[in-house]
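S.K.: Pasting in a structure now, in structure tokens, and then I'll have a few things to ask.
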Amino acid sequence: MPDAMVAASLSEATSGGTTQQVDVAVVGAGFAGLYLLHRLRKAGFTTVVLEEADDVGGTWYWNRYPGARCDIQTIDYSYTFDPELESAWKWSEKYATQPEILRYFGFVADRYDLRRDIRFHTRITAATWDQAAERWLLTTNEGATVSCRYYIMATGCLSAPKPPEIDGVKDFKGEVYFTGRWPHEEVKLAGKRVAVIGTGSSGIQSIPLIAEQAAHLTVFQRTPNFALPAHNGPAPADRVALLEGDRASYREQARWSLAGVPWPQQMAVSWQLSDAERRERLDEAWAKGDLVYILTQLWADQGVDVDGNALLADLIREKIHETVKDPETAAALTPHDHPFGAKRPCLDTNYYATYNRPDVTLVNLRQEPIKSITASGIKTDERTFDVDVIVFATGFDAMTGAIMAVHPITGRGGKSLSDVWANGPQTYLGLTVAGFPNLFMITGPGSPSVLSNMAVSIEQHVDWVVDRLIAMRETGFTAIEATETAQAGWARHMADCATLTLHRLANTWYTGANVPGKAQGVMPYTGGVGPYRSICNEVASGGMLGFRLTGPNVAEQCNDGEIVRLQPDVRLVLNMLADMKLPPLESFGAQGARDFLAEFNAARPAGRPVGEVVDGTLPGTDGPLPYRLYRPTTPGPHPIVVYFHGGGWVLGDQESDDPFCRDMCRRTGMIFVSVGYRHAPEHRFPTAAEDGYAATRWIAEHAADLGGKPGPVMVAGWSAGANIAAVTCQLARDRAGPQISGQLLVCPVTDCTFDRPSYSDNATGYFLTRSLMYWFWDLYCSPADRTDPRASPLRGKVRSAARRGCRLRRSHGCRGCAGRAT
Ligand code: N01
């Protein structure tokens with residue numbers, strides 16, 4: 001009998017101490033909970049939604065403070081699952097107010113008759129997994145319990161307010177309000193002295209409106225935040241036209257975009273734009289009043305590179321100083337402690353201008369921290385402020401708070417979720433946790449969630465989860481659990497992604513830094529909505545990779561493994577190459593492959609500026625060899641690195657790794673000399689190796705002429721270039737110089753045998769396939785010569801240090817070479 005029918009037949013009364021039996025219990029009747037209920041019901045699952053509030057709306061039910069609005073354009077912040085719903089509702093503004101959004105949820109609840117399966121005023125007090133029954137047992141504040149096969153947390157990411165952590169709140173005799181728990185009845189502030197503590201989105205939205213009402217407003221700011229004008233009004237005509245022109249395509253683009261709103265991937269990089277062009281872009285973004293636009297559309301490196309970000313942050317800082325008249329107040333309001341976007345920026349209406357009012361005071365808590373709250377107001381290190389009202393806009397225990405702190409969740413073997421997450425949330429895909437079967441989270445930590453348009457992420461999660469439940473029902477499985485391997489792999493992938501962004505450089509609620517004692521780490525998935533969607537789809541199409549599925553009458557299925565083994569940037573490039581559906585590179589022939597590489601490289605963004613780039617020639621063993629020298633901006637002389645490009649001894653030249661050489665030159669402060677050695681098949685082994693050695697010798701001898709430090713040089717290379725670098729080291733040792741200070745080998749080819757794991761594990765499906773490696777070897781070197789240490793340096797005399805192969809692998813977690821002949 002299908003699970004749904006069993007559950008339905010067991011259903012009992014819903015209150016009064018009885019146990020309600022359902023297939024699925026959902027916590028929360030906000031954006032996620034409502035859609036879940038709708039989909040689960042349509043799929044035939046008996047479902048109950050448990051909600052603490054007395055109506056639907058979730059975060060929009062609780063956050064009723066003055067000025068509370070959406071800060072993603074509301075045409076994007078809507079359900080998209082039903083085109084009829086879309087045409088039945090029209091938003092009145094670009095950024096809808098909280099009351100309008102709440103009306104929308106009421107409208108949705110009525111339209112699909114959802115309220116009859118929602119138990120309001122119900123708080124869950126404990127959730128325990130019963131392994132024998134393969135069900136969750138939920139106890140609630142109202143006595144009645146719920147037994148469910150699947151337990152789904154639709155609790156939202158920002159729904160557990162953080163305590164203010166300031167002494168004396170209880171002593172205060174005036175009124176106290178929290179933005180995240182604002183009263184339903186009108187709060188009268190007229191004629192009162194009001195204090196607002198906190199300048200995140202909630203503070204920044206409410207401060208201008210509170211200032212309009214209060215006799216005097218004092219804002220207590222610990223960390224200034226970046227805020228941009230919302231320019232609210234009707235939805236912009238161009239966006240509406242785009243949506244209405246082809247609604248289905250607009251929605252689909254949003255689903256595959258990086259942030260959940262259809263904007264293209266920005267390709268221009270900051271250093272390709274002049275100052276005037278960058279300013280023009282910022283002014284355009286400023287006039288648009290769109291958070292996603294300004295976070296993604298100015299230049300491609302704004303969110304991943306400190307320097308590219310600083311160019312943008314400086315322009316925004318100028319805007320703050322242009323608006324705020326008092327220079328000291330402007331300086332205090334200007335953020336300097338985090339890259340723009342690393343902490344959630346805010347959309348505002350008149351925020352900065354509010355500080356020009358005579359009845360508004362800013363207190364900079366970095367200069368005078370709050371000591372305590374007293375009966376009459378707030379005492380800092382330096383002053384006392386008597387106030388009638390204190391508004392705490394102090395934020396949330398984000399992402400994990402609502403899941404973990406709300407009630408004890410006890411999984412398989414009595415494991416407590418609080419213990420499992422003691423050092424930070426562990427999840428697989430942000431959806432599930434190993435050890436907690438049949439527990440799902442919607443937009444949990446480890447998913448794009450708060451770094452995306454939540455509407456898109458919620459629908460993706462709900463669809464994915466419900467589709468999995470349907471598939472399990474069809475195949476007879478009754479329990480699903482993530483494996484430890486999959487979860488650990490996801491943590492690694494999360495960390496790899498976060499390393500590429502600037503989020504790790506800011507103390508924010510994204511990282512848990514806003515809650516004293518909370519474990520810290522970037523909690524949302526930073527790899528983007530579209531890539532995340534494709535990963536979730538891959539999990540499903542790959543036989544539920546990373547999950548163990550069990551059921552009473554079916555054999556256990558466990559397709560264990562990691563869903564993403566590649567680093568995200570490598571994956572991105574490989575996916576781009578895969579999308580091009582190219583024939584194998586080796587089928588082009590040597591010249592064809594070189595032409596392809598030249599064309600491919602011409603299309604990539606220009607590398608970053610360095611102090612100087614000089615092209616020259618140096619004497620090789622058999623005539624001149626070209627080189628390109630990259631000099632840092634810092635005063636010399638600089639240490640020298642002799643660099644050999646990749647390309648299987650067949651492709652590339654001294655310019656082909658240009659962005660990498662520029663980047664390394666900037667980061668290391670060293671001169672990089674990229675050598676154009678001769679290629680196979682025209683010049684077979686040992687030409688490349690001997691050219692490499694001759695070039696290194698000449699560069700070392702002419703270090704001072706090149707602006708470098710005389711003395712030992714370093715060698716570096718990528719792939720076959722790293723082979724040449726490693727060989728050069730040995731030749732330098734055996735032929736009495738030059739002196740080598742170190743070698744940097746990136747994915748080096750160090751041996752000629754093909755029995756390494758990468759030749760089997762990564763044989764196909766990657767750009768550098770096994771057959772391409774065979775082809776490179778065949779063009780470069782006869783089988784008889786391959787064991788020569790000048791072709792396979794691992795066979796030479798190697799001391800232990802040289803054996804370690806790819807140094808990046810250890811220091812930067814590079815898994816690209818994963819055993820390929822190293
Ligand atoms: O909370 P926050 P929020 N003493 O954590 C300060 C979403 N949202 O409710 O930065 C003094 O951002 C704290 O200072 P610091 C949105 O994603 C969306 O404003 O920790 N100050 C900070 O200034 C947003 O990012 C909308 O040094 C203390 C402020 O309080 C997220 O919710 C609207 C303090 C908290 O800012 C959270 O926003 C509102 C203390 N003890 C919110 N403790 C939309 O528009 C904290 N602070 C959709």
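The values are calculated or read from the model by the stated rules, or taken from the named source; none is laboratory data. Keep in mind that this is a model prediction, so the values were computed, not measured. Cβ placement follows ideal geometry from the backbone for every residue including glycine, while neighbour counts extend to all protein chains displayed. Note: areas computed on protein heavy atoms with side chains; ligands, DNA, RNA excluded. Shrake-Rupley method; radii C 1.70, N 1.55, O 1.52, S 1.80 Å.
S.K.: Round to the nearest 10 and report in Å² the accessible area of residue 580, as given by a 1.4 Å probe over the protein chains' heavy atoms.
M.R.: Residue 580 has an accessible surface of roughly 90 Å² with all protein chains in place.
S.K.: Which is farthest toward the positive dipole end of the range 266-425 among 392, 327, 339, measuring Cα position about the Cα centre, with Cβ charges +1 (Lys, Arg) and -1 (Asp, Glu)?
M.R.: 392
S.K.: What distance in nm separates the two pseudo spin-label positions at residue 507 and residue 736, each 7 Å out from Cα along the beta-carbon direction?
M.R.: Each label point is offset 7 Å from its Cα along the Cβ direction, giving 6.0 nm.
S.K.: Moving on to the next point. Taking the full set of protein chains and a 1.4 angstrom probe, give the accessible area of residue 459 in square angstrom, rounded to the nearest 10.
M.R.: 10 Å²
S.K.: Given 0.36 nm per residue, what is the gain on full extension from residue 212 to residue 701 after removing their alpha carbon distance, in nm?
M.R.: 168.7 nm
S.K.: May I ask you to derive the FRET efficiency for residue 633 and residue 570 from their Cβ-Cβ distance with R0 = 25 Å, giving the value to the nearest 0.05? Walk me through the intermediate numbers first.
M.R.: Working: r = 29 Å, r/R0 = 1.16.
Here the calculated transfer efficiency is 0.30.
S.K.: Take the Cβ-Cβ distance between residue 488 and residue 141 as r, set R0 to 41 Å, and report the resulting FRET efficiency rounded to the nearest 0.05.
M.R.: 0.70
S.K.: Can I ask one more? Provide the solvent-accessible area of residue 321, counting protein heavy atoms only and rolling a 1.4 Å probe, rounded to the nearest 10 Å².
M.R.: Surface open to solvent at residue 321 totals about 90 Å².
S.K.: Just the number please: accessible area per residue for the chain, 1.4 Å probe, all protein chains included, in Å².
M.R.: On a per-residue basis, the chain sits at 40 Å².
S.K.: Any chance you could run the full-extension gain for residue 470 through residue 222? It's 0.36 nm times the residue separation minus the Cα-Cα distance, nm to one decimal. Could you put the intermediate results ahead of the total?
M.R.: Working: separation 248, 0.36 × 248 = 89.28 nm, distance 4.87 nm.
Full-extension gain reported as 84.4 nm.
S.K.: Once the Cα atoms of helix 687-701 and of the chain are each reduced to a long axis, what angle between those two axes, in degrees from 0 to 90 to the nearest 10, is obtained?
M.R.: Helix 687-701 sits at roughly 90 degrees to that axis.
S.K.: Give me the angle, in degrees from 0 to 90, between the Cα long axis of helix 658-668 and the longest principal axis of the Cα atoms of the chain, rounded to the nearest 10.
M.R.: With both axes taken from Cα atoms, the answer is about 80 degrees.
S.K.: A further question on this structure: Can you compute the charge dipole magnitude of the chain about its Cα centre, using +1 on each Lys and Arg Cβ and -1 on each Asp and Glu Cβ, nothing else charged? Give it in debye, rounded to the nearest 20.
M.R.: 1740 debye
S.K.: HN-Hα J couplings of the range 122-136 from phi, Karplus 6.51/-1.76/1.60, θ = phi - 60°, integer Hz, Gly and Pro as x?
M.R.: My calculation for the range 122-136 gives 10, 10, 7, 9, 6, 9, 10, 7, 9, 5, 5, 7, 6, 9, 8 Hz in order.
S.K.: If contacts are Cα pairs under 8 angstrom and at least 6 residues apart, what is the relative contact order of the chain in percent?
M.R.: Answer for the chain is 10 percent.
S.K.: Using only helices, what value at 222 nm comes out for the chain when you add -39,500 (n - 2.57) per DSSP H run of length 4 or more and divide by the total residues, to the nearest 500 deg cm²/dmol?
M.R.: Helices in the chain give a 222 nm mean residue ellipticity of -10000 deg cm²/dmol.
S.K.: Under the rule of at least 5 residues apart or a separate chain, name every residue whose amide H is placed under 5 Å from the amide H of residue 50.
M.R.: Long-range HN contacts for residue 50: 26, 27, 28, 119.
S.K.: Roughly to the nearest percent, how much of the accessible area of the chain is carbon and sulfur, given a 1.4 Å probe?
M.R.: 53 percent
S.K.: What do you reckon, how do 182, 256, 91 stack up by accessible area (1.4 Å probe), largest on top?
M.R.: 256, 91, 182
S.K.: Another question, then. Test of understanding: extend the Cα→C-beta vector of residue 89 to 7 Å, then name every residue of the range 135-174 with backbone N under 20 Å from that spot.
M.R.: Taking a point 7 Å out along Cα→Cβ of residue 89, the residues of the range 135-174 whose backbone N falls under 20 Å are 154-159.
S.K.: Can you compute the modelled spin-label distance between residue 322 and residue 41, with each label point 7 Å from Cα toward Cβ, in nm?
M.R.: 5.1 nm
S.K.: Moving on. Would you list 656, 418 from the most to the least accessible area, probe 1.4 Å?
M.R.: Output order, biggest surface exposure first: 418, 656.
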